[in-house]
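Below you'll find the structure, written out as structure tokens, and then a few comments.
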Amino acid sequence: TIIPKEELWPPKPGASWESHHAYKAWVGNTWLCQDIIEDYFGVSNTLEELVANGQLMQGEGYKCIFEEARRQKPYCAMAANWCYNEPWPTAANNSLISYPNIPKPGFYAVKNACRPVLASAKFSKYKWNEGETFFADVWMLNDLPKDIPAGKVKIKLVAGTSELIVLSWDYSPMKANINQTGPTFRCKLPAWSTDRFKVVLEVEGHPEYNSEYTLAYQPRSVERKRTTPVMNQ
């Protein structure tokens, strides 16, 4: 490890964490951004939990950026990563590939956002509260140089073992290299004992078009049920 054992937890400015760009690399506390991560998911109890939540946020953020760029074509012609890979060992960075050549979960999130055809959801924010009216726009994105037949998208919300089907959308045949705008769905978020939930889009007969998004959730209770880190590093 590039951080001495006695400095690993908790992270703080100075010494190895700062030398390896977790703090004061650009502005504020970039690139660790612990305050932003914990604003969404609460105080981290371990380094593994902090890393998992940070990587989750990075992947979901990049996914939404790349899919939004595709929704805006032809006015938006390109989306690119300013920080693609790292030329040296850093403790934190916004890159997709860690030194020397280790893809982060965000790399695969961007890869999935760049599939030629996919069902896509557009959100207005990342964190949602219990009892709030959740809403999102549904799209089908097509960058293939050929027409796509009509199909059906099922949209559901998943939190732990709880599953809520909110909409089915029958999309029309799609012309080559043309996206299709779908409906906006709305539903009141129920009481869940978790700090995150998934929006899942399933395309009937085409699992390769499926998409899912993990969003932050705030129960009315101040107590949080900690989930198993999904992206340990």
TODO: Would you be able to say whether some residue in region 30-46 is under 21 Å from TYR213 (Cβ atoms), within 17 Å of the chain's Cα centre (by Cα) and loosely packed, with under 13 Cβ neighbours inside 10 Å?
DONE: yes
- [ ] Scan region 104-163 for residues that are among the hydroxyl-bearing types (Ser, Thr, Tyr) and not assigned by TED's automatic domain parsing to the domain that holds ALA216 and jot them down.
- [x] TYR108
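Taking region 151-184 as the search range and keeping residues that are of a type in the set (A, V, I, L, M, F, W, C) and free of Cβ contacts under 8 Å to residues at least 24 places away in the same chain, which one is nearest to PRO74 (Cα to Cα)?
First, pick out the residues of region 151-184 that are of a type in the set (A, V, I, L, M, F, W, C): 153, 155, 157-159, 164-167, 169, 174, 176, 178.
Adding the requirement that they be free of Cβ contacts under 8 Å to residues at least 24 places away in the same chain leaves 165-166.
Numbers: ILE165: 33, VAL166: 31 Å.
This residue is VAL166.
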Open item on the list: Anything in region 112-135 that is closer than 14 Å to TYR213 by Cα and outside any loop (DSSP other than H, G, I, E, B)? List them, or say none.
Closed with: ASN112, ALA113, LEU118, ALA119, SER120, ALA121, LYS122, LYS127, TRP128, PHE134, PHE135
Open item on the list: For region 73-101, which positions are under 30 Å from THR181 (Cβ atoms), in contact (Cβ under 8 Å) with a residue 12 or more places away in the chain, surrounded by 10 or more Cβ atoms within 10 Å (Cβ to Cβ) and of a type in the set (A, V, I, L, M, F, W, C)?
Closed with: ALA79, LEU96
Open item on the list: Restricting to region 177-201, count the residues that are crowded, with 18+ Cβ neighbours inside 10 Å and among the charged types (D, E, K, R).
Closed with: 2
Open item on the list: Testing GLU67 on (1) in contact (Cβ under 8 Å) with a residue 60 or more places away in the chain; (2) part of a loop (DSSP other than H, G, I, E, B), one condition comes back false. Which one is that?
Closed with: (2)
Task: region 39-52 residues that are at positive phi, paired with ones that are surrounded by fewer than 15 Cβ atoms within 10 Å (Cβ to Cβ) (beta carbon under 9 Å, 6 or more apart) - done: GLY42/ARG226
- [ ] Determine, yes or no, whether ALA109 is closer than 15 Å to SER211 by Cβ and under 16 Å from the mean Cα position of the chain (by Cα).
- [x] yes
Open item on the list: Tell me yes or no: at least one residue of region 3-25 is under 21 Å from GLY106 (Cβ atoms) and either surrounded by fewer than 16 Cβ atoms within 10 Å (Cβ to Cβ) or in contact with a strand residue (DSSP E or B) (Cβ under 7 Å, 6 or more places away or on another chain) (or both).
Closed with: no
- [ ] Kindly indicate the residue of region 174-233 that is more than 14 Å from PHE41 (Cβ to Cβ) and of a type in the set (Gly, Ala, Ser) and also modelled with the lowest pLDDT among those meeting that condition.
- [x] SER221
Task: Checklist (1) of a type in the set (A, V, I, L, M); (2) closer than 21 Å to ALA52 by Cβ; (3) surrounded by 19 or more Cβ atoms within 10 Å (Cβ to Cβ) applied to ALA119, failing item - done: (2)
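The values are calculated or read from the model by the stated rules, or taken from the named source; none is laboratory data. In this text, all values refer to a predicted model and were calculated from it rather than measured experimentally. With ideal geometry, Cβ positions are generated from the backbone for all residues, glycine too; neighbour counts draw on all protein chains shown.
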